[in-house]
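Submitted below is the structure of interest, expressed as structure tokens.
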Amino acid sequence: MFTDAEISQWNRHWQGRPVEEIVEWALLVAKGRAVVTTNFRAYEAVLLHLVTRVQPDIPVLWVDHGWNRPATYRHAEDLTRRLRLNLKVYTPTMTVARYQALHGAPPTAEQEEALRQFSQVFKLEPFQRAMREMAPAVWLTALRRVQNPHRAGMEMVVRDAQVGVLKVSPLVEWTDEQMAAYVQAHDLPVEWDYFDPAKGDEKRECGLHVRWGQEGKGA
């Protein structure tokens, strides 16, 4: 297990450094036990392109909650084919059809407790199951500080207490302009038609990256 001192040192060392070097370092630290997560929303291709250039067979975890737009599924197929992703798809134990028959539409952002229960079923349970089965040492994410207020102060390297791994977000400092420039330079697809019913709105976290009850709404 990595110490707090090591994590602090890494955050200082990698601040402002090229993302390519950060990715190479993270995969080296993982010693063959890295996983990268994706939800195939806009600009996800950036991190997937970066990591597969270094480790082509890295497991790519996608929790397909079943509520994605048709465009997202087509985008996922396109990107999987282009980058030859080693895609690992995990799905909830409850289907969308069953949920709709019993409960109707997903909860709204105002229905906080119901939204947390919804997220537990459709995102957290399959994600936690995937992490138990895949047992990575390092988890690479595409989180960025500009994405929502909760992420504004996040560090690049953290110990994720929920799944017990080192979580590295190489793109944490990048702006939307930098992401757009990267996909253009490498001729990567971008799909904007994306929907996450477990978040309620874009300022809220679904529970994968925060511990509910500690950070207020969405924590």
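Hey, what number do you get for the chain at 222 nm if only DSSP H runs of n ≥ 4 count, each worth -39500 (n - 2.57), divided across all residues, to the nearest 500?
Details: 8 runs with 84 residues, N = 219.
Value at 222 nm, helices only: -11500 deg cm²/dmol.
Under a Cβ-only charge scheme (Lys and Arg +1, Asp and Glu -1), can you give me the dipole magnitude of the range 4-185 about the Cα centre, in debye to the nearest 20?
Values: 22 positive and 20 negative charges, 82 e Å.
The calculated dipole for the range 4-185 is roughly 400 debye.
Give a quick list of trypsin sites (Lys or Arg not before Pro) in the range 1-38 that DSSP marks as loop, anything other than H, G, I, E or B, with at most 16 other Cβ atoms within 10 Å.
Values: sites: R12, K31, R33; in loops: K31, R33.
Those that pass, being in a loop and sparsely packed, are K31, R33.
For the range 104-195, which chymotrypsin sites (Phe, Trp or Tyr not before Pro) pass both filters: DSSP loop (anything but H, G, I, E, B) and at most 12 other C-beta atoms within 10 Å? Before the final figure, lay out the partial values.
Details: sites: F118, F122, F127, W139, W174, Y182, W192, Y194, F195; in loops: W174, W192, Y194, F195.
For chymotrypsin sites (Phe, Trp or Tyr not before Pro) across the range 104-195 that sit outside H, G, I, E and B with at most 12 neighbouring Cβ atoms in 10 Å, the list reads W192.
Right, next: Using amide H atoms built in the peptide plane, which far-off residues or other-chain residues are under 5 Å from V165 H to H?
D160
Rank the residues E113, E6, E173 as a footprinting-exposure proxy: fewest other Cβ atoms within 10 Å of their Cβ go first. Mind showing how you got there, number by number?
Numbers: E113 8, E6 14, E173 17.
Exposure proxy ranking, most exposed first: E113, E6, E173.
Calculate one ³J(HN,Hα) per residue across the range 175-185 by plugging θ = phi - 60° into the Karplus curve 6.51 cos²θ - 1.76 cosθ + 1.60, and present them in order as whole Hz with x for glycine and proline.
In residue order, the calculated couplings are 8, 4, 5, 5, 5, 4, 5, 5, 5, 5, 5 Hz.
Using the Cα centre as the reference, give the magnitude of the dipole from point charges on the C-beta atoms of the range 78-144 (Lys, Arg: +1; Asp, Glu: -1; all else neutral), rounded to the nearest 20 debye. Mind dumping the intermediate values first?
On the way: 10 positive and 6 negative charges, 97 e Å.
Here the range 78-144 has a charge dipole of around 460 debye.
In 5 Å bins starting at zero, report the fraction of Cα pairs in the chain per bin as a rounded %.
So the P(r) values, bin by bin, are 1, 7, 14, 19, 21, 19, 12, 6, 2, 1, 0.
Next question, about the same structure. Would you please give the residues with an amide H less than 5 Å from that of L140, counting only those at least 5 places away or on a separate chain, with H modeled from the backbone geometry?
Result for L140 returns V35, V36, T37, V168.
Quick one: which residues, 5 or more positions from V63 or on another chain, have an amide H under 5 Å from its amide H? H modelled 1.01 Å from N in the peptide plane, none for Pro or chain starts.
Counting only residues 5 or more places away or on other chains, the set is T38, Y90.
Also: Could you size up the charge dipole of the range 89-193 around its Cα centre, putting +1 on the beta carbon of Lys and Arg and -1 on that of Asp and Glu, and report it in debye to the nearest 20? Let's see the in-between values first.
Details: 10 positive and 13 negative charges, 92 e Å.
Here the size comes out at about 440 debye.
Computed from the coordinates by the stated procedures, all read-outs in this text should not be read as laboratory data. Since we're looking at a predicted model, the values are computed, not measured. Cβ atoms come from the backbone with ideal geometry, glycine included; neighbour counts cover every protein chain shown.
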